[in-house]
């Protein structure tokens, strides 16, 4: 598990199939597991469509996984930097 910092930069994906609640401030930072990015297929009940997104898991202060957040809404370290192991 490699821990990094992600910052919330958008409230909704471009197609509005995934949205973050209004009370979560833009600029909020999260500790995330940089190795946890996964493509996950989901179904949006309101729009009646399947869609695929990259998600990343947050990490609690105890080192446990927390919630999953869509990568599209976050500012993360450059992917190449953490895939080669240079970030810890």
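Tabulated data for the structure shown
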| item | result |
| --- | --- |
| Boolean, residue 18 is in contact with a helix residue (DSSP H, G or I) (Cβ under 9 Å, 6 or more places away or on another chain) and modelled with pLDDT of 95 or more | no |
| Pick from region 20-37, criterion touching a strand residue (DSSP E or B) at 6+ places or on another chain (Cβ under 8 Å) and either surrounded by 13 or more Cβ atoms within 10 Å (Cβ to Cβ) or touching a residue at least 60 places away in the same chain (Cβ under 8 Å) (or both), ranking: farthest from residue 63 (Cα to Cα) | 20 |
| Count - residues of region 11-46 that are outside any strand (DSSP E or B) and more than 25 Å from residue 64 (Cα to Cα) | 8 |
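The values are calculated or read from the model by the stated rules, or taken from the named source; none is laboratory data. Here the structure is a predicted model, which is why all the values come from computation and not from measurement. With ideal geometry, Cβ positions are generated from the backbone for all residues, glycine too; neighbour counts draw on all protein chains shown.
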